[in-house]
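K.L.:
This structure is in structure tokens; I'll ask about it shortly.
The values are calculated or read from the model by the stated rules, or taken from the named source; none is laboratory data. Every value quoted in this text rests on a predicted model; they were computed, and no experiment measured them. Note that each Cβ is placed from the backbone with ideal geometry, even for glycine, and that neighbours are counted across all protein chains shown.
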Amino acid sequence: MTRFQRTIACLLTSLPIAFAASHALAQADFPNRAIHFVVGFAAGGGNDIFARLVVQKFQENTGATTVIDNKVGAGGRIAAEFVSRQPPDGYTVLVGASGQMAIAAAIYPKLGYHPTKSFIALNMIASFPLVMVVSPDHPAKTVKELVAWAKAHPDKSNYGTSSPAFTIASELLKLKTGMPAVAIPYKGTNESNLSVMAGQTLFTISDGPPAIPLVKGGKTRALAVTGSERSPEIPEIPSMAEAGFPEVDTQLWSGFFVPTGTPAPVVAKLTAELGRALSDAGVQASLRKMAVNPGGPTGEAFQKRIDAEIKTYSDVVTAAKLTFEQ
């Protein structure tokens, strides 16, 4: 072997070592440039506010530069697909909601990403139950009474819905009780709640922010909140488990995700620092004011929850023969 060949061989041998060393240094130095947090919904919406509350505290704690990017469209799916295709280096973080993650995976067969295969789950930001309401003039005072009324009056039984999440929750109730009800679509949860007030629909199951003020104002009557725990915003209202239907457990959430392949040290650092931001008393108080439960599972436990939800939602979609336009 000539001197030139020996030199080339030596350089080629040292390249992987040098690359690995620089790669390790980059991870240890993380973050050394701006981290982009991508929100799939408009500024001022719930998920955007969640993100800004936590990311602001994350920036204060770490000194990192952060940017909130709102990539709006297709129920958040444009943002999720965009992040799934970014370099897995921790500098692009998805603020993902259950609608664009677990629910989308259950209802859209041609989704351009998978919530637990394309992403690594970091932290859940918050979760919240849904609220089932009827007109305050309706004779049913409990979920069981409403089910009995619907079975006795099938031609008058319908429900308002403005998203696949609310449709799935309502159809799950139908499957578990045998009650009849026809879905009436609305553009938003404000409209579906107003439809109950106006007597256009028998009930709606929706998120708390638009529903709870109407309940407190006596404009609608809440029969239950989904899941096993009562809502601190309306503590007098029973959970679905207390009402006798524990399997009606649909809850929505938001969380942080990075693309699959992101190095473990970066994942660990992001998870720890986002967790520290989420545990801040001020952040928690601000989240609770939005009628949500701060925090939740992280890492593998979070991913297992998402996989379980995909299975549950897929079963409902199949059993109820639901179809959704993508």
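K.L.:
Identify, by number, the condition in (1) under 21 Å from the mean Cα position of the chain (by Cα); (2) of a type outside the set (Phe, Trp, Tyr); (3) within 29 Å of ARG221 (Cα to Cα); (4) assigned to a loop (DSSP other than H, G, I, E, B) that ASP137 doesn't meet.
P.N.:
(1)
K.L.:
So which pairs qualify, if the first residue must be in region 264-277 and within 18 Å of GLN303 (Cβ to Cβ), the second must be hydroxyl-bearing (Ser, Thr, Tyr), the Cβ gap must be under 7 Å, and the two must be at least 6 apart or on different chains?
P.N.:
THR271/THR298; GLY275/THR298
K.L.:
Quick check on my filter: what residues within region 287-298 are part of a loop (DSSP other than H, G, I, E, B) and within 14 Å of the chain's Cα centre (by Cα)?
P.N.:
If the condition is that a residue be part of a loop (DSSP other than H, G, I, E, B) and within 14 Å of the chain's Cα centre (by Cα), then VAL292, GLY295, GLY296, PRO297 are the ones that fit.
K.L.:
Taking interchain pairs and intrachain pairs at least six residues apart, which have beta carbon atoms under 9 angstrom, with the first residue in region 282-310 and assigned by TED's automatic domain parsing to the domain that holds PRO259 and the second among the basic types (Lys, Arg) and crowded, with 16+ Cβ neighbours inside 10 Å?
P.N.:
GLY282/LYS57; VAL283/LYS57; GLY296/ARG305; PRO297/ARG305
K.L.:
In region 24-69, which residues are touching a Ser or Thr at 6+ places or on another chain (Cβ under 9 Å) and in a helix (DSSP H, G or I)?
P.N.:
GLY46, ASN47, ILE49, PHE50, ALA51, LEU53, VAL55, GLN56, PHE58, GLN59
K.L.:
Spot the failing condition for VAL72; the list is (1) surrounded by fewer than 17 Cβ atoms within 10 Å (Cβ to Cβ); (2) touching a Gly at 6+ places or on another chain (Cβ under 9 Å); (3) not in a loop (DSSP other than H, G, I, E, B), and only one is missed.
P.N.:
So the condition that VAL72 fails would be (3).
K.L.:
Let me ask another. If I filter region 145-155 for residues that are in contact with a His (Cβ under 8 Å, 6 or more places away or on another chain), touching a residue at least 60 places away in the same chain (Cβ under 8 Å) and not assigned by TED's automatic domain parsing to the domain that holds TYR91, do I get at least one hit?
P.N.:
Yes, because at least one residue in region 145-155 is in contact with a His (Cβ under 8 Å, 6 or more places away or on another chain), touching a residue at least 60 places away in the same chain (Cβ under 8 Å) and not assigned by TED's automatic domain parsing to the domain that holds TYR91.
K.L.:
I've got another one for you. Consider only pairs whose beta carbons are under 9 Å apart and that are at least six residues apart or on different chains; among these, list those whose first residue lies in region 112-133 and is under 25 Å from LEU173 (Cβ atoms) and whose second residue is modelled with pLDDT of 95 or more and among the acidic types (Asp, Glu).
P.N.:
Filtered contacts from region 112-133: PRO115/ASP307.
K.L.:
Among the listed residues ALA121, ALA169, ALA165, which satisfies the condition of being closer than 30 Å to VAL258 by Cβ, surrounded by 22 or more Cβ atoms within 10 Å (Cβ to Cβ) and in the same structural domain as LEU94 (by TED's automatic domain parsing)?
P.N.:
Exactly one residue qualifies, and that residue is ALA121.
Per-residue answers, yes or no, for (1) over 30 Å from ILE234 (Cα atoms); (2) assigned to a helix (DSSP H, G or I); (3) β-branched (Val, Ile, Thr):
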site	(1), (2), (3)
THR262	yes, no, yes
ARG276	no, yes, no
GLY282	no, yes, no
ALA285	no, yes, no
GLU300	yes, yes, no
ILE306	no, yes, yes
TYR313	no, yes, no
VAL316	no, yes, yes
PHE324	yes, no, no
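K.L.:
For region 248-276, which positions are surrounded by fewer than 19 Cβ atoms within 10 Å (Cβ to Cβ) and over 19 Å from the mean Cα position of the chain (by Cα)? Let's see the steps before the verdict.
P.N.:
In the first step, residues of region 248-276 are kept if they are surrounded by fewer than 19 Cβ atoms within 10 Å (Cβ to Cβ); the result is 249, 260-261, 263-265, 267-269, 272, 275-276.
GLY261, PRO263, ALA264, PRO265, VAL267, ALA268, LYS269, ALA272, ARG276, listed by residue number.
K.L.:
Restricting attention to region 311-326, report how many residues are in contact (Cβ under 8 Å) with a residue 24 or more places away in the chain and over 19 Å from the mean Cα position of the chain (by Cα).
P.N.:
Of the residues in region 311-326, 3 are in contact (Cβ under 8 Å) with a residue 24 or more places away in the chain and over 19 Å from the mean Cα position of the chain (by Cα).
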